[in-house]
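Quick notes on the structure that follows.
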Amino acid sequence: MAAVLSKEVRQALQDIYYNERTGRGREAFALLERASQAGDGDASCVLARCLCGYQYVWRGHGFPEDDDRAISLLHKSVEQGSALGVLVALRSGELTPSLEKRMPFESLQAAFSEAEALAEGGDAFSQYVVGNAYFWWDFLRIQNKGADSFSSPAAFKAYLKENISKCEDWFWKAFRGGVYFAANNLNQYYTKGDEDIIAPQPEKAKGLWKIGAECGHPLHQSFYADELKEAERYEEALHWYKEAAEGGNFNDWYEVGHMYWEGLGTEKDPAYAVSCYERELARDPDHMGGNNHLGRAYFLGQGVPQDYAKAFHYLSAAHDRAGSKWGALYLAKCCFYGLGAPQDYAKALQFLGEVSWNNQEADYMRGCIYAQGLGVPADIKRGVEYLQKAGNFAKAKEELLHYKKTLFGKWVRR
């Protein structure tokens, strides 16, 4: 059991949590693995968190997710004497009675006191862990108390309020020390409160993402950019989306691309927008927005030479892999006219069925398919209804000239 964190753990925390945009996450991960194997329980604890996904570590590091290994490491950290490991295992529901017996602490309170000492010494990760013990009510088990420990429900509620509220100060210390996750919990604490014990204080949540953005946290830069975009402060939003993307929150290349495509906060630049979509897809080939918007760019020939085959490829990727209907009209055109894909009226009609908004060309294509019996049994009446719905769309008006209504009110081909 250590009264201070090892230099290996301190370095890893710097690169993984406190200054995640350095790009040294994988080196820090390897450092933790070596320290864990050498018996450093705190290293085992932090390494376990790194394997638990984006709710526990920044996704920009690209760490693998492995729940089984994370649980094994967490148990190992407890047995190696990490006070932080004990609290994290408790929070994760992994501190079973048998594991608790194997920890080299006389009690949970003793482990908490050691973790609290690390927090008071200034370590932000420890401050975050201690804050969580109050935020999530783990202090009840740590202090071995419950409702029956108090003379009245009012006394118990007062005890709960006193302890829960301690999380606020610890989270602020952790946030200022570099743990952006602490701000996420603060946001919940302020906006939602805690049952009927802690009242919401939403005004205190304002500015959290701005602070995190200015501290250099890519995720908070993205959150803050979202706020600015919603407020139509586009130039500022674009600045922070770029900061987030360049810092490793790669999903924001799509946001940057969208703003250059639409000319929000900057001059329109379809070519640069396309390059942003391509950067996003290089990281995540299944990204729905990136595929849709790059497909549109190729279909329209904006920012890139017109290429219907590439348009169909990217739009199909968004449709088939992500279930997006956004590009259904473009896909329908590709199949109806044979643009970049084999002419297939049945498939075109399938895509048109996903076009839920009014569009004259969509009605024209539906009209032609039904009136001419293209890939479906002919239904001239239904086809004419769609062609009429297409209004002043030139091709629809021209197609309507091929049909007439008989004396008996039946639509037929001329």
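Some observations on this one:
- Taking first residues from region 382-396 that are within 15 Å of Asn359 (Cβ to Cβ) and partners that are β-branched (Val, Ile, Thr), the Cβ contacts under 9 Å between residues at least 6 apart in sequence or on separate chains come to Tyr386/Ile369.
- Residue list for region 155-167, filter: touching a residue at least 24 places away in the same chain (Cβ under 8 Å), open to solvent by 20 Å² or more (accessible area, probe 1.4 Å) and assigned to a helix (DSSP H, G or I): Lys157, Lys161, Lys166
- Residue match in region 351-366 (condition: assigned to a helix (DSSP H, G or I) and without any contact (Cβ under 8 Å) to a residue 12 or more places away in the chain): no
- Test: residue in region 90-107 that is crowded, with 17+ Cβ neighbours inside 10 Å, under 24 Å from Leu13 (Cα atoms) and more than 35 Å from the chain's Cα centre (by Cα): yes
- Among residues of region 217-237 that are free of Cβ contacts under 8 Å to residues at least 40 places away in the same chain, those with a Cβ under 9 angstrom from a residue that is open to solvent by 10 Å² or more (accessible area, probe 1.4 Å) and polar (S, T, N, Q), sequence gap 6+ or separate chain, pair up as Gln221/Asn249; Ser222/Asn249; Ser222/Asn251; Tyr234/Thr266; Glu235/Thr266.
- Subset of region 219-232 that is surrounded by fewer than 15 Cβ atoms within 10 Å (Cβ to Cβ) and of a type in the set (D, E, K, R) - its residue that is farthest from the chain's Cα centre (by Cα): Glu232
- Considering region 380-410, the residues that are in contact with a helix residue (DSSP H, G or I) (Cβ under 6 Å, 6 or more places away or on another chain) and open to solvent by 60 Å² or more (accessible area, probe 1.4 Å) include one that is farthest from Tyr330 (Cα to Cα), namely Arg382.
- Checklist (1) over 41 Å from the mean Cα position of the chain (by Cα); (2) at pLDDT 95 or above applied to Lys404, failing item: (2)
- Taking helices (runs of 4 or more DSSP H) as the structural unit, those lying wholly within region 248-330 and holding at least 2 residues that are of a type in the set (Lys, Arg) and within 30 Å of Lys347 (Cβ to Cβ) correspond to 308-322.
- Per-region count, region 53-83, residues of a type in the set (S, T, N, Q), closer than 26 Å to Ala183 by Cα and open to solvent by 10 Å² or more (accessible area, probe 1.4 Å): 1
- For region 168-218, taking the residues that are of a type in the set (Gly, Ala, Ser) and more than 19 Å from Tyr18 (Cα to Cα), the one that is most open to solvent (accessible area, probe 1.4 Å) is identified as Ala199.
- The criterion of being among the hydroxyl-bearing types (Ser, Thr, Tyr), under 28 Å from His217 (Cα atoms) and touching a helix residue (DSSP H, G or I) at 6+ places or on another chain (Cβ under 6 Å) holds for Ser36.
- Residue count, region 282-304 (criterion: open to solvent by 70 Å² or more (accessible area, probe 1.4 Å) and in contact with a helix residue (DSSP H, G or I) (Cβ under 7 Å, 6 or more places away or on another chain)): 3
- Scan of region 126-150 for residues that are closer than 21 Å to Glu195 by Cα and open to solvent by 80 Å² or more (accessible area, probe 1.4 Å), ordered by number: Trp136, Arg141, Lys145, Asp148
- Enumeration of residues in region 42-55 that are among the hydroxyl-bearing types (Ser, Thr, Tyr) and modelled with pLDDT of 95 or more: Ser44
- For region 231-247, a residue qualifies if it is at pLDDT 95 or above and either more than 18 Å from Glu20 (Cα to Cα) or in a loop (DSSP other than H, G, I, E, B) (or both), and the qualifying residues are Ala231, Glu232, Arg233, Tyr234, Glu235, Glu236, Ala237, Leu238, His239.
The values are calculated or read from the model by the stated rules, or taken from the named source; none is laboratory data. Nothing here was measured: the structure is a model prediction, and the numbers come from that model. Because the Cβ atoms are built from the backbone with ideal geometry, glycine has one as well, and the counts that use them run over all protein chains shown. The accessibility values were calculated without ligands, DNA or RNA, using every heavy atom of the protein model including side chains. Shrake-Rupley method; radii C 1.70, N 1.55, O 1.52, S 1.80 Å.
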